[in-house]
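For reference, the structure is listed below as structure tokens.
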Amino acid sequence: MDRDSVEPEVTDLPGDRATEWVDYHHEFSAPSTYVYEFVWDHTAPAEGPFCTDVDGNVLMDFTSHVAAAPLGYNNPKIMEPLAEFELTDPVKIAGQDFYASDGRSPGEGMPGAAGLMDRITDISSSFDMDTVFLSNSGAEAVENAMKISYDNNPLGKYALTFEGAFHGRTLGALSLNRSKEVYRRRFPEIASVHDFPFCSCEDAPSGCECGYFRGEESALSAKLDPKTGHVNPEEVAFLMMEPIQGEGGYRFPSEAFARDVAEVTEKYDITLIADEIQAGLGRTGEWWASEHYPFDPDVITSAKGMRVGATISDTEIFPEETGRLSSTWGAGDYLAAAKGAFTIDAIEEYDLLENATRRGQQFQELMRDADLDGVTSVRGKGLMLGLDFESKALRDDIVDAAFARGLLLLACGKKTIRVLPPMDVTEREIELGAELFIEAIEAEN
Ligand SMILES: Cc1ncc(COP(=O)(O)O)c(C=O)c1O
């Protein structure tokens, strides 16, 4: 496959073999969140956003596996550094709760868990974060962020979250979720969670419509007011927020809201956990989405493109007691940690933060210039891009129409389509993806 010239080519979607695979999968699998009948053939040609399915259809993937494959398919920027090493068969090693090295000195050779944490602290130095706990998934990164925050404040019993939030599916994490009710319904939850509107109102505070601001005062500061509020700020264990909401609909905080959250958490010294699992790791053009805003997070959670879960903070926030945090497969296997490390290296080496910013702007311009019926908003930071539609039905039809043309997109929120091209996406690929997307929108209007 030549990435510089290949284009999506779809004949039969889903084809017979895809249908066969989907049926086989569902014979054993609990119902989950599979969106469309796309079955990737990982032995067939694929590179960057392009991939081939089991029936030979060539598709363009603008989901990057919901940000879990930030450099797309088979990217040589990761494959080549991996190929340089004589890979240890992961089967030889059990969990990561023993130290491991490839026989060379620290900082040299194949980066395992230690090499990954070294890089994570480098990219988090703007927040003075020097310590990491590695786990396996985003939800675990969130669980551990909550645990260290409770541990760090002996008075802490309250947790604060936002409408539209999504933090994962384990019991602790889902207690903080405020997006689809299917995630939480009838599951037991941690106690004393308070929620607030996530304000993305352009004219906030004066033109705020979501209820976060009443006049100049915010719902957060009113709730925490030591004289008139209902929650003693000293008893708040943490405030958790996605700096840019993902599953909730690619919602970007208004300036006034971001400033208010930053000021209130600072005023009362409340531990701010930034859940960067979807927005972080460079996707928005900065290593962490928080860097676009006045937030000064005390803890960051990351996962997805990192290949493992990471709870990142300052060493003082982590418990010292051995055994307070642990995970057999924390940092996945040796290979997962190396892939996470090489992803960070590639983003740095190839200037992909800058590329994300530039290509994201290109995509927004193309979609705005097309002046499409049914589209009510085009927005984004870097390559975290979202379009809103007039209705959920129209949105869902457009996702299907794009799929039929060989473009993979994903819905989120109520009426939003999110677009997450690989971070090294080229100008030509953005043009091609936008063209297919526009065709799909025009076909459904
Ligand atoms: C913001 C955010 N937090 C947490 C999670 C949970 O991550 P995982 O699915 O790896 O548990 C996700 C997953 O989409 C997410 O987007």
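The values are calculated or read from the model by the stated rules, or taken from the named source; none is laboratory data. These numbers come from a predicted model, not from an experiment. For neighbour counting, all protein chains shown are included, and Cβ atoms are generated from backbone atoms with ideal geometry for every residue, glycine included.
Would you confirm, using the coordinates I've provided, whether SER101 is more than 16 Å from the ligand (Cβ to nearest atom) and outside any helix (DSSP H, G or I)? Yes. Taking the listed residues ALA310, ALA289, the one that is out of contact with any helix residue (DSSP H, G or I) (no Cβ under 9 Å at 6 or more places or on another chain), among the small types (Gly, Ala, Ser) and modelled with pLDDT of 95 or more is ALA289, with no other qualifying. Of all residues in the stretch 139-185, those that are hydroxyl-bearing (Ser, Thr, Tyr) and modelled with pLDDT under 95 total 2.
Before we move on, is ARG283 closer than 15 Å to ALA68 by Cα and among the charged types (D, E, K, R)? Yes; evaluated as a whole, the condition is true for this residue. The one condition from (1) modelled with pLDDT of 95 or more; (2) surrounded by 17 or more Cβ atoms within 10 Å (Cβ to Cβ); (3) more than 20 Å from the chain's Cα centre (by Cα) that ASP333 does not meet is (1).
Take GLU242 and decide whether it is within 16 Å of the ligand (Cβ to nearest atom) and either at pLDDT 95 or above or crowded, with 23+ Cβ neighbours inside 10 Å (or both). It is true that GLU242 is within 16 Å of the ligand (Cβ to nearest atom) and either at pLDDT 95 or above or crowded, with 23+ Cβ neighbours inside 10 Å (or both). Looking only at residues of the stretch 47-73 that are in a loop (DSSP other than H, G, I, E, B) and within 20 Å of VAL10 (Cβ to Cβ), we find that the one that is farthest from the ligand (Cβ to nearest atom) is GLY56. Considering only residues in the stretch 274-324 that are in a helix (DSSP H, G or I) and β-branched (Val, Ile, Thr), the one that is farthest from the ligand (Cβ to nearest atom) turns out to be THR315. Here ALA256 meets each of (1) surrounded by fewer than 24 Cβ atoms within 10 Å (Cβ to Cβ); (2) assigned to a helix (DSSP H, G or I); (3) within 16 Å of the ligand (Cβ to nearest atom) with one exception, condition (3). Only one entry of ALA159, ALA191, ALA173 meets the criterion of being crowded, with 16+ Cβ neighbours inside 10 Å and over 19 Å from SER221 (Cβ atoms), and that entry is ALA173.
Check whether at least one residue in the stretch 228-240 is touching a His at 6+ places or on another chain (Cβ under 8 Å) and part of a strand (DSSP E or B), and report yes or no. Yes, because at least one residue in the stretch 228-240 is touching a His at 6+ places or on another chain (Cβ under 8 Å) and part of a strand (DSSP E or B).
Of all positions in the stretch 399-409, at least one carries a residue that is under 26 Å from GLU354 (Cβ atoms) and touching a Ser or Thr at 6+ places or on another chain (Cβ under 8 Å). Of the strands (runs of 3 or more DSSP E) lying entirely inside the stretch 119-203, none contains at least 3 residues that are within 24 Å of PRO319 (Cα to Cα), hydrophobic (A, V, I, L, M, F, W, C) and within 12 Å of the ligand (Cβ to nearest atom). Whenever a residue of the stretch 190-207 is over 30 Å from LYS157 (Cα atoms), its partners that are surrounded by fewer than 16 Cβ atoms within 10 Å (Cβ to Cβ), lying with C-beta atoms within less than 8 angstrom and at least six residues away or across chains, give the pairs CYS201/GLY207; CYS201/GLU209; ALA204/GLU255. The residues listed here are GLU276, GLU291, GLU263; of these, the one that is surrounded by fewer than 23 Cβ atoms within 10 Å (Cβ to Cβ), acidic (Asp, Glu) and touching a Ser or Thr at 6+ places or on another chain (Cβ under 7 Å) is GLU291.
When residues in the stretch 399-435 are screened for being under 24 Å from GLU181 (Cα atoms) and either among the hydroxyl-bearing types (Ser, Thr, Tyr) or touching an Asp or Glu at 6+ places or on another chain (Cβ under 7 Å) (or both), 4 of them pass. When we screen ARG359, ARG395, ARG379 for residues that are at pLDDT 95 or above and over 19 Å from the mean Cα position of the chain (by Cα), the only hit is ARG395.
Going through (1) without any contact (Cβ under 8 Å) to a residue 12 or more places away in the chain; (2) among the acidic types (Asp, Glu); (3) in contact with a helix residue (DSSP H, G or I) (Cβ under 7 Å, 6 or more places away or on another chain) one by one, ASP296 falls short only on (1).
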